[in-house]
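Accompanying notes for the structure given below.
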Amino acid sequence: MKSDEYISDVLTNTNCDIICLQETWLLDYNLHKLGDVHNDYLFYGKSGVDSKASILCGRPYGGVAILYEKSIAKYVETVSIQSNRVTGVTVCINSAMSVLVLCVYLPCDNYSQTVTNIEYEHIMNVIECTINATTCDAVIVCGDFNTSFERDNCQTRCLSEFMKRHNFRSGWDIPSAVWDYTYDNLALNHRSCIDHFIVSMNVFDIANVNQVIRDVTNPSTHNVTRFEFTCDRDPLQQRVHARSDCVNNRRAWYKATDGIIDNYKAELDKLLSNVNIPTNTILCTDITCTDVSHRKHIDTFCSDIIRCCLKAGQIHIPPRKPGQILYLAGKIMLNPPRNDLCFGIGYGWRPENPTVDMCMIS
């Protein structure tokens, strides 16, 4: 069975709301093929290949995408992220809760005990900056992390430290989770659990499923991983609600006059003057530095700068006009009549005979 056919079957049989794919192996000009996977789903994806290069060598590689049900499209907003290994959307669950969903494909583990893969660190910083910049109430980071918590090496510690900083938990830690290998390569006789759902505590507390779906028709070496959580919905009434803060807090920069921009800059200068600069860390000249405190200082410094920019913008830049969400009698957003939101991961796809990493979110 071809990968696109398998994904279509998974979508039909599981009725999941969101599915996250890694290693799609698509170029920019054929990303539209994601829209052909299933008639009931829309998509947002990125190619892992720089299609602007004059000469493309070898087969396509990488690529991430998120497919979501058309019925929830009005509650989904795409997120701009400067990396071809991370893509994201925000989903307004109800008037009190919005979720940032990030689909990630991280570099392979170098198995080093002393030095973390530089690209891995960079992608983790991109993920962290995206999370720090969001105003959403909850976070789900899922996909192929190429990291096993069973390995005690630098890459595992990098992911664990990221989780500790944000008080995130792994979906494998929920009481009802059924741990299993997410990657099976029979040819190399290698198995590992490297596909994960990393979630904020408010999602972890209401999660009820994290399991691997094994299927002999799956053409990939990665198994599908399913994650589900149950959340409260607003009462069934015919009324209009403003979108959550993840939308309302966006600023209308196109409305900013020169005077507004000057006020913004002045406010930003004032806020930045109170930011603690980690001078000793910045002046460190050791290119192989593994000092954990240095990483924390840089992360805190970057987060403080982002918060200052956002706060100055909220004070001086005009807000965008709030969107509207219409609740119709007998309808609940997401996937009526269910009261759970479902995700899934672990598999890869390409145009002809793809193999895609896939995550499902219910």
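Please state which one of Asp180, Asp173, Asp152 is surrounded by fewer than 20 Cβ atoms within 10 Å (Cβ to Cβ) and at pLDDT 95 or above.
It is Asp173.
Among the residues of the stretch 1-42, which ones are in a helix (DSSP H, G or I) and touching a residue at least 40 places away in the same chain (Cβ under 8 Å)?
Ser3, Asp4, Tyr6, Ile7, Asp9, Val10, Leu11, Thr14, Asn30, Lys33
Take the stretch 281-309 and flag every residue that is within 24 Å of the chain's Cα centre (by Cα) and touching a residue at least 40 places away in the same chain (Cβ under 8 Å).
Within the stretch 281-309, Arg295, Lys296, Asp299, Cys302, Ser303, Ile306, Arg307, Cys308, Cys309 meet the criteria.
So which helices (runs of 4 or more DSSP H) are wholly in the stretch 245-312 and hold at least 1 residues that are touching a strand residue (DSSP E or B) at 6+ places or on another chain (Cβ under 8 Å) and not assigned by TED's automatic domain parsing to the domain that holds Tyr75?
Values: elements: 245-248, 258-272, 279-282.
By residue number, 245-248.
Please specify each residue of the stretch 85-112 satisfying the condition of being within 25 Å of Arg157 (Cβ to Cβ), surrounded by fewer than 23 Cβ atoms within 10 Å (Cβ to Cβ) and not hydrophobic (A, V, I, L, M, F, W, C).
Across the stretch 85-112, the qualifying residues are Pro107, Asp109, Asn110, Tyr111, Ser112.
Checking Ile332 against (1) in contact with a Leu (Cβ under 7 Å, 6 or more places away or on another chain); (2) modelled with pLDDT of 90 or more; (3) not polar (S, T, N, Q), only one condition comes out false. Which one?
Going through (1) in contact with a Leu (Cβ under 7 Å, 6 or more places away or on another chain); (2) modelled with pLDDT of 90 or more; (3) not polar (S, T, N, Q) one by one, Ile332 breaks only (2).
So, Asn202, is that one under 30 Å from Ala96 (Cβ atoms), polar (S, T, N, Q), in a strand (DSSP E or B) and at pLDDT below 95 or not?
When the stated conditions are applied, Asn202 does not pass them.
Scanning for something of a type in the set (A, V, I, L, M, F, W, C), in contact with a strand residue (DSSP E or B) (Cβ under 7 Å, 6 or more places away or on another chain), part of a loop (DSSP other than H, G, I, E, B) and modelled with pLDDT under 95, does the stretch 122-138 turn up at least one residue? Steps first, please.
Taking the stretch 122-138 as the starting set, the residues that turn out to be of a type in the set (A, V, I, L, M, F, W, C) are 123-124, 126-127, 129, 131, 133, 136, 138.
Next, only the ones that are in contact with a strand residue (DSSP E or B) (Cβ under 7 Å, 6 or more places away or on another chain) stay: 123, 126-127, 131, 136, 138.
In the following step, the residues that additionally are part of a loop (DSSP other than H, G, I, E, B) were identified as 136.
Cutting the leftovers down to modelled with pLDDT under 95 gives us 136.
Within the stretch 122-138, one or more residues are of a type in the set (A, V, I, L, M, F, W, C), in contact with a strand residue (DSSP E or B) (Cβ under 7 Å, 6 or more places away or on another chain), part of a loop (DSSP other than H, G, I, E, B) and modelled with pLDDT under 95.
Could you tell me whether the stretch 83-95 includes any residue that is on the phi > 0 side of the Ramachandran plot and touching a residue at least 24 places away in the same chain (Cβ under 8 Å)? Give the derivation first.
Within the stretch 83-95, the subset on the phi > 0 side of the Ramachandran plot is none.
Scanning the stretch 83-95 turns up no residue that is on the phi > 0 side of the Ramachandran plot and touching a residue at least 24 places away in the same chain (Cβ under 8 Å).
Give just the number: which of (1) at positive phi; (2) polar (S, T, N, Q); (3) touching a residue at least 60 places away in the same chain (Cβ under 8 Å) does Asn146 not satisfy?
(3)
The values are calculated or read from the model by the stated rules, or taken from the named source; none is laboratory data. No experiment lies behind these values; they were computed from the predicted model shown. Heads up, the Cβs are rebuilt from the backbone with ideal geometry, glycines too, and the neighbour counts pull from every protein chain shown.
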